[in-house]
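Shown next, in structure tokens, is the structure this report addresses.
The values are calculated or read from the model by the stated rules, or taken from the named source; none is laboratory data. Just so it is clear, the structure is predicted and the values come from calculations on it, not from any experiment. Positions of Cβ are backbone-derived with ideal geometry, glycine not excepted, and every protein chain shown enters the neighbour counts. Just so you know, the surface numbers come from the protein's heavy atoms only, side chains and all, with ligands and any DNA or RNA stripped out. Shrake-Rupley method; radii C 1.70, N 1.55, O 1.52, S 1.80 Å.
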Amino acid sequence: MAGSSSWIAHIDSFVDADGPETKQAASRDVISKLLLNETITLQQLVVVAGKYLTSSDNTIRARGLLLLAELLHDLAEKPLEDSAIHSLATFFSDRLKDWHSLRPALIGSIALLKRQKRVGAVQSEDVKAIGKSFVDEVEVQALSQRDRMLSLELYECLLFLHGSSIKEMGFDVVVGIIAAIDGEKDPRNILIAFRLVEQLIALFPEPDGPVKENAKSIFDILSSYFPITYNPPQAHRGITREDLSSALLKVFCATSWFAPFCFTEFLEKLSSTLQSAKLDALRYMGHCALSFGPEAVSMFFGDIWISLKSEMFRLEDGILDPKDVQIREEAYSCFTHCVEVSHKDRIIKDQAMGELLKLVLEDLDMVYFLGQVKMDVEQRNGIDYLSADSKVKALGRILGAAARASTAACYFVTKTYFSYLIPSVGSAAESSGPLVEAIIPATGLRATLQILEGANRLAHSLADDCNRSSDDLTSRRWLEPITEAAPVLIKCFIQFAVGGATKMEFSTAGVAGLQTLATFPAVLSPVSEEQLETVLTSLTVSFLDKSRGSDVKDQALGAILTASNLEERTSNFSVDEPPRKRGKVDVLHTVIPKLLGAVQESQSAEPLKSLLHALAALSKHREAVRLIVLQALGDDISSKLGRKLVSGDRDFELEKILLILRSLGGEIIPFCEVGSIDQMAACDVVMDVWRTLGSLCDGLVYIPIDIFLPLMTLVRVTVQKCTEKLQSMILAEGLRVLKRKSSSGHMMTNEPNGCEAPSAEAVEGREWCVALIASVVVGLLPSVLSAEKEYLLRLFVSTSIADLEPVITDVAAQAAASLLNKWQEDKLGRNQGDICTLDEAVVIAVEEGWLPRVEKVLAGNGSYPESVEKLAVRSVYALALTGKALAMRGHSRVSEIAGLMLRLLQSQTTAFKRGKPNILDSEGKLEEASQSAVGKIAVESFGIIVKDHSTFLSKSQNATVKPLYKQRFFTSMLSPLVEAVRVVGNQPSRIWFHRAFASLLSGTSLVAALTEAQKVFPFILEGLSTLCLYPEDSDYLLQMLLALSSFLVDENRGRSIAAEYVQSMVTRLIPLVQYKSSMVVRESALQCLAAIVGLPFTRVFPVKSQVMKAITAALDDKKRLVRGEAVRCRQVWSAISSK
């Protein structure tokens, strides 16, 4: 042991109780590392530390034992000899008697018991020695919380890891654990205690064993925690009340030995006035009943029924608070579980009704209710009103809850109830006479619906969970009463839903009944195919009935949707011999054709909107429905669109086309999946539109703007959902239509000359075609664009600056930018078989197309005709889009476009400083510089580049996007903007640059702004003082305030920067509190003032009086939201005086 002195010193350091904890931990880590590296052995350690382990000084002895215990924990994966483990086990079992060294003895014993066999584990005899010493010598409840937790963890190790050995201790270990957990208060320890009891029950299952013998004592301890009242703080992330409650429930359910005590406890708690106690009692009672079985619970069925009946009757009376609603639902759920238990192991053919259900059906209230139903049927008392009697409501729900308990319970409930409701089911099924007179009286309507709903839920549960060879699925005898009653039920429900029911509540009940019958799973349906068709048809008729209110129509549509979703979910479900083969009786073949037929026959807008909404809802999640709807509506468009465009009539047929286009583009096609069958149908719709419009190209075609906009949306959305092959087909068809010879004899060629705006003669009647092709291009995959790229680019550039509708020029500019964004080149920048490279394409678009129009404005010295301005505005918009397209793919020429925008802003400031007007309007009047349309679009261009756009230049439109392009653009533009403001000395002249900066901030993330915080924050403050001069700049002003608030709430860097400018911020925010042009600006300014309070006190307190004065004025603001914000702001500023 040549180097022994060094590690021995570490032992001395750890044992020294007066030393720093960090030094003690470091010494222990050094020794642990030496043991793991086998530099020293455990035997050497014990020899050296022996004087501490046996010291008469209690503190030193405890520290020495703690060192050994913690090192054993570190050596959990280190193989040890059996003799060493035996010696350590003997030593620690003996140390459990030492009260002063108990905690390290517990830690060491736990470390030994957790060792696995592959590295050497304690033997059975050693386990029993530790267990006996622990049970005999340690009084757990007399210890501190930490030591109690270690004690319970030691019991966990004994029971879970060494159960076979500890079981030999029998009675002693059970009594020891009972004593250890009795009276425990700490939630962490209680959770362990529940696990211990559960494991004890599993370890001693014998009916004459120690757990059975002590079941009453164990339950008494457990019941002291019921119901769980632990409520941790809101921010608490540890053990929750739900954790403890679930663990306690699991223990209660672990053995039926607790049954005699459990139900007495639960039933007692039901009489409590504490809502949480009732809720837990109901929950526990239902779960325990399922776990214990009928033999253990049968003696309590009478008491259970009396208690649950009283509670359910009470909870159906009057308006309930949310907690009572939970109790009500839990009461019915508990009742269902108890009925299920009472029918456990009973089969229908035995004709043996469960004890609890028998009590229910023989109850005086139930007998009276069923008798009243029968009497109303016999006396032909129809529907006048639904009874509001709470007992009637409760009894109906009770029958429904019993029906969903089990197949046997459902059989007896339905057989009993329908024998009162429909005394002659057999004859009603055989002849039409009784069906005509059939009624469901008011007293029985709710109960009928509840019972059918319960049976429906049971059928779904069986179809989803049961083995498909189960008797419940194959015999179906439990459904016979509903099957026999179905003809009468269907006829009555139809009378309510579609017939002469005048009150909405009866129509609603009829639709609900039809929905329940229609939504049984196919393998467990009580209705035939013919009956199902009748039900679905009736629901459709109810939806189409114009005399029905919107609530009933919505409910009918909801019922159809539910049935459709069920069909989709179970379309692949089958058994060997299904009771009703799925033919063509379903929503797809029964309802959809009727709705499509109603679309064809519709004569007004509102019903048509409702129909299209229904078709869209049914199509949303079902591909087969989308396919049929797309084909039908697409055929409707292609057959009528061309004719209506040629005639030019503005009648309902044209409005119908408009509504169909909106529905297809906005509600149906967006849910198509790429590669699915229905995407081909969507593609066919667009192809048919192209063919229809192409057939009209020999004459002039005018498409109204309200038709043209949804038509473009339809094309764009469809292209987005298509594969590369289908996209190519759509583009090729559009180009074919475009290049056809027009009636004027002009031909669109593949090689347009230059980018001059096409003449009216060349474009008239064909601008719609260019715009539709542009709508195709914005969503194309880059690989689809081929040799036609240059042709398309020149076409879109020339169209974007033509004298056409703004919607056409805008989409042409968007398409041109999309082309440049998706222009494919190899890694060396060479074109891939195209006519020109990307750089050449940029020259075509920018230098030959848009830039000359902008240069005319720059050369105009502040004055230019309105026609020049109009072209310039369109060109600047197109250049901004091009800048975004290039920025997204990381192209360097975006800086040139941004520089051009700065030059435009500089030209506006120059004109302002001269005091000259910027433009001449159409009447020769002069407009002020601050209102220049060119200046406005130049300002907005910065926002266009950094903002996201959903309909073009986005990932959803297959654009090329490089990460962090917005941040790079923001950083590159910040210095030029700051420098431009510095050069312009006159504050009003700086307005354009501050507007541009606000626009730039609108799409930039806070992270990018914080990266340049030293430049950004002063620029924001200066912008606030400048932008407030012009009322029309309220939107820009608001953007500046949002950026400022982002700094004020950012705790990492933003606040530290803002703290340097407190006085400047307050000076600029106070005038904005009274800003008259925008309520939102006033509100945001107050929010920023409130956020300033979070900055260092020494910076904030000096400006308090100044701020309070401004806030006082805001308290009288005419807008309530501003006044409320002023009150909150005053409260936070008033509170800083106490700091």
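Key figures
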quantity	calculated
Y225 being open to solvent by 40 Å² or more (accessible area, probe 1.4 Å), touching a residue at least 12 places away in the same chain (Cβ under 8 Å) and outside any helix (DSSP H, G or I)	no
Some residue of segment 849-860 being closer than 26 Å to R740 by Cβ and modelled with pLDDT under 85	no
Residue match in segment 940-957 (condition: closer than 23 Å to Q720 by Cβ, in contact with a Leu (Cβ under 6 Å, 6 or more places away or on another chain) and modelled with pLDDT under 90)	no
Sole exception among (1) surrounded by 19 or more Cβ atoms within 10 Å (Cβ to Cβ); (2) at pLDDT below 90; (3) over 22 Å from G454 (Cβ atoms) for F506, by number	(3)
Qualifying residues in segment 118-144 (those that are of a type in the set (S, T, N, Q) and closer than 17 Å to S164 by Cβ) - the one least open to solvent (accessible area, probe 1.4 Å)	S124
Residue match in segment 90-100 (condition: farther than 27 Å from E137 by Cα and in a helix (DSSP H, G or I))	no
Residues located in segment 189-213, provided they are out of contact with any helix residue (DSSP H, G or I) (no Cβ under 6 Å at 6 or more places or on another chain) and open to solvent by 20 Å² or more (accessible area, probe 1.4 Å)	R195, A202, P205, E206, P207, D208, E213
Out of A69, A17, A89, A76, sole residue that is in contact (Cβ under 8 Å) with a residue 40 or more places away in the chain and touching a Leu at 6+ places or on another chain (Cβ under 6 Å)	A89
Filtered residue count, segment 1049-1061, keeping only those that are open to solvent by 40 Å² or more (accessible area, probe 1.4 Å) and either closer than 15 Å to E1012 by Cα or in a helix (DSSP H, G or I) (or both)	7
Condition met for G108 (closer than 19 Å to I31 by Cβ and either surrounded by 15 or more Cβ atoms within 10 Å (Cβ to Cβ) or hydrophobic (A, V, I, L, M, F, W, C) (or both))	yes
Of all residues making up segment 241-256, the number that are in a helix (DSSP H, G or I) and open to solvent by 10 Å² or more (accessible area, probe 1.4 Å)	8
Filtered residues of segment 1102-1126 (kept if open to solvent by less than 60 Å² (accessible area, probe 1.4 Å) and more than 35 Å from the chain's Cα centre (by Cα))	V1103, K1104, V1107, M1108, A1110, I1111, A1113, A1114, L1115, D1117
Neighbours by Cβ (under 8 Å, 6+ apart or cross-chain): first from segment 116-132, within 23 Å of D172 (Cβ to Cβ); second surrounded by 15 or more Cβ atoms within 10 Å (Cβ to Cβ) and of a type in the set (F, W, Y)	I130/F92
Meets criteria (out of contact with any strand residue (DSSP E or B) (no Cβ under 8 Å at 6 or more places or on another chain) and crowded, with 17+ Cβ neighbours inside 10 Å) for L282	yes
Matching entry among L68, L72 (being crowded, with 18+ Cβ neighbours inside 10 Å, more than 51 Å from the chain's Cα centre (by Cα), farther than 22 Å from K167 by Cβ and not charged (D, E, K, R))	L68
Checking L1010 against (1) at pLDDT 90 or above; (2) among the hydrophobic types (A, V, I, L, M, F, W, C); (3) more than 30 Å from L838 (Cβ to Cβ); (4) open to solvent by 10 Å² or more (accessible area, probe 1.4 Å), the condition it does not meet	(1)
Any hit, segment 1077-1085, residues being open to solvent by 20 Å² or more (accessible area, probe 1.4 Å), β-branched (V, I, T) and more than 28 Å from Y1036 (Cβ to Cβ)	no
Failed item in (1) under 23 Å from K185 (Cβ atoms); (2) open to solvent by 10 Å² or more (accessible area, probe 1.4 Å), with D98 passing the rest	(1)
Answer from A121, A111, A129 - the residue that is assigned to a helix (DSSP H, G or I) and closer than 17 Å to H73 by Cβ	A111
S56, sole failed condition from (1) of a type outside the set (D, E, K, R); (2) out of contact with any Gly (no Cβ under 7 Å at 6 or more places or on another chain); (3) more than 27 Å from Q116 (Cβ to Cβ); (4) in a helix (DSSP H, G or I)	(4)
Tally of residues being farther than 14 Å from E340 by Cα and open to solvent by less than 20 Å² (accessible area, probe 1.4 Å) across segment 305-315	4
Criterion (in contact with a helix residue (DSSP H, G or I) (Cβ under 8 Å, 6 or more places away or on another chain), modelled with pLDDT of 90 or more and open to solvent by 60 Å² or more (accessible area, probe 1.4 Å)) met by exactly one of L370, L395, L359, L364	L359
Qualifying position, being open to solvent by 40 Å² or more (accessible area, probe 1.4 Å), modelled with pLDDT of 90 or more and of a type in the set (V, I, T), among I628, I592	I628
Residue within segment 15-37 that is closer than 16 Å to S101 by Cα and either open to solvent by less than 20 Å² (accessible area, probe 1.4 Å) or of a type in the set (D, E) (or both) present	yes
Condition check for R103: open to solvent by less than 50 Å² (accessible area, probe 1.4 Å) and either of a type in the set (D, E, K, R) or touching a Pro at 6+ places or on another chain (Cβ under 7 Å) (or both)	no
Residue satisfying all of: in segment 164-175; open to solvent by 10 Å² or more (accessible area, probe 1.4 Å) and assigned to a helix (DSSP H, G or I); nearest to F226 (Cα to Cα) among these	V175
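Each row is one residue, and each column tells you yes or no for (1) surrounded by fewer than 21 Cβ atoms within 10 Å (Cβ to Cβ); (2) free of Cβ contacts under 8 Å to residues at least 40 places away in the same chain; (3) among the small types (G, A, S).
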{"position": "F258", "(1), (2), (3)": "no, no, no"}
{"position": "C262", "(1), (2), (3)": "no, no, no"}
{"position": "L267", "(1), (2), (3)": "yes, no, no"}
{"position": "S271", "(1), (2), (3)": "yes, yes, yes"}
{"position": "Q275", "(1), (2), (3)": "yes, no, no"}
{"position": "H287", "(1), (2), (3)": "yes, no, no"}
{"position": "A296", "(1), (2), (3)": "yes, no, yes"}
{"position": "D303", "(1), (2), (3)": "yes, no, no"}
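For every residue, the table says whether it meets (1) within 21 Å of L1037 (Cβ to Cβ); (2) in a helix (DSSP H, G or I); (3) among the small types (G, A, S).
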{"site": "Q1063", "(1), (2), (3)": "yes, yes, no"}
{"site": "A1091", "(1), (2), (3)": "yes, yes, yes"}
{"site": "F1101", "(1), (2), (3)": "no, yes, no"}
{"site": "A1110", "(1), (2), (3)": "yes, yes, yes"}
{"site": "C1129", "(1), (2), (3)": "yes, yes, no"}
{"site": "V1132", "(1), (2), (3)": "no, yes, no"}
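Residue-wise test of (1) over 32 Å from the mean Cα position of the chain (by Cα); (2) closer than 16 Å to S542 by Cα.
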residue	(1), (2)
V591	no, yes
Q603	yes, no
S610	no, yes
K620	no, no
